[in-house]
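Have a look at the structure below before the remarks.
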Amino acid sequence: MERYVDIGKIVDRFKVENQVKVESYMDNVEDFINIDDFYIKTLTGFKKLNLVFDFSASEYLIYRVEGMLPELIEHLKGKTIYTKYKNLPKPKEGEYYVSDLEECRVFEINGNEIGKVERVIENAKMFFLEFSEYIIPFSDRYIKEVSIEEKKIVLSEVFSKEKDFFR
């Protein structure tokens, strides 16, 4: 089954009738610009969206929408933009996609499974993992190992000692 990942959002129309302002969810804007396979989610599944990059304008990217009637472009406002997982650049060592982390099971250092990641929360450029009854910072202090291939996160000994603070 094809896996789709949200990578941005259409914020609004731009000056020309077939242009839209896009907000990228990716850390590196160049990675977003290099993707050319976009989708939106509809009631019947994912539908291809033909977006062509025009230029950057302050915090937004300006894309031209091709193959769509200008009067329908207004309905794209607020829509999340997706791409296929295989289109994403490979993360660097120690970096992870949120969608990968959300598929992981969480284990204490002693091997006891304590849950599955329910969501990843971003707050002021810091990430937190929510699982079971816990919310912990995604940092080396609490995370010993992440294996995306095994869909597994092993927590550190520090977590085991401090876990009552995270309930």
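Bear in mind that the values in this text are calculations on the coordinates, not laboratory data. What you see is a predicted model; the values in this text were computed from it and never measured. Glycine gets a Cβ as well: all are built from the backbone with ideal geometry, and neighbour counts include every protein chain shown.
Quick one: which residues, 5+ away or cross-chain, put their amide H under 5 Å from the amide H of GLY115? H built at 1.01 Å from N.
VAL106
Taking the Cα centre of the range 4-87 as origin, sum charge times position over the Cβ atoms of Lys and Arg (+1) and Asp and Glu (-1), and report the length of that vector in debye to the nearest 20.
Magnitude of the dipole: close to 340 debye.
What residues have an amide H closer than 5 Å to that of PHE14, excluding those fewer than 5 places away on the same chain, when H is modeled at 1.01 Å from N in the peptide plane?
Residues meeting the amide H criterion: GLN19, VAL20, LYS21.
For the chain, what is the calculated [θ] at 222 nm in deg cm²/dmol (nearest 500), taking -39500 (n - 2.57) for each run of four or more DSSP H residues and dividing by its residue count?
Computed mean residue ellipticity for the chain: -2000 deg cm²/dmol.
Averaged over all directions, how much area does the convex hull of the C-alpha atoms of the chain cover when projected, in nm²?
Dividing the Cα hull surface by four gives the mean projection, 11.5 nm².
Can you tell me the FRET efficiency between SER160 and TYR85 if r is taken as the Cβ-Cβ distance and R0 is 41 Å, rounded to the nearest 0.05?
Rounded to the nearest 0.05, the efficiency is 0.80.
Under a 5 Å amide H to amide H cut-off, with H placed in plane at 1.01 Å, what residues pair with LYS144 once short-range neighbours are removed?
The list, which skips near neighbours in sequence, is VAL154, LEU155, SER156.
Roughly speaking, what is the stretch gain from GLU71 to SER147, that is 0.36 nm per residue apart minus the C-alpha to C-alpha distance, in nm to one decimal?
Fully extending the segment from GLU71 to SER147 adds 22.7 nm.
Set the Förster distance to 22 Å, then compute FRET efficiency between TYR25 and SER139 from the Cβ-Cβ distance, nearest 0.05.
0.55
Under the classification rounded if a/c is under 1.5, otherwise prolate if a/b is larger than b/c and oblate if not, where does the range 4-87 fall, given a ≥ b ≥ c as square roots of the Cα gyration tensor eigenvalues?
In terms of gyration-tensor shape, oblate.
Taking a cut-off of 28 Å between Cα atoms, list the lysines near LYS86, but don't count ones fewer than 8 places away on the same chain.
LYS9, LYS21, LYS41, LYS47, LYS48, LYS77, LYS116, LYS125, LYS144, LYS151, LYS152
Can you tell me the dipole magnitude for the range 53-167 around its Cα centre, using point charges on the Cβ only (Lys, Arg +1; Asp, Glu -1), in Debye to the nearest 20?
Computed about the Cα centre, the dipole is about 100 debye.
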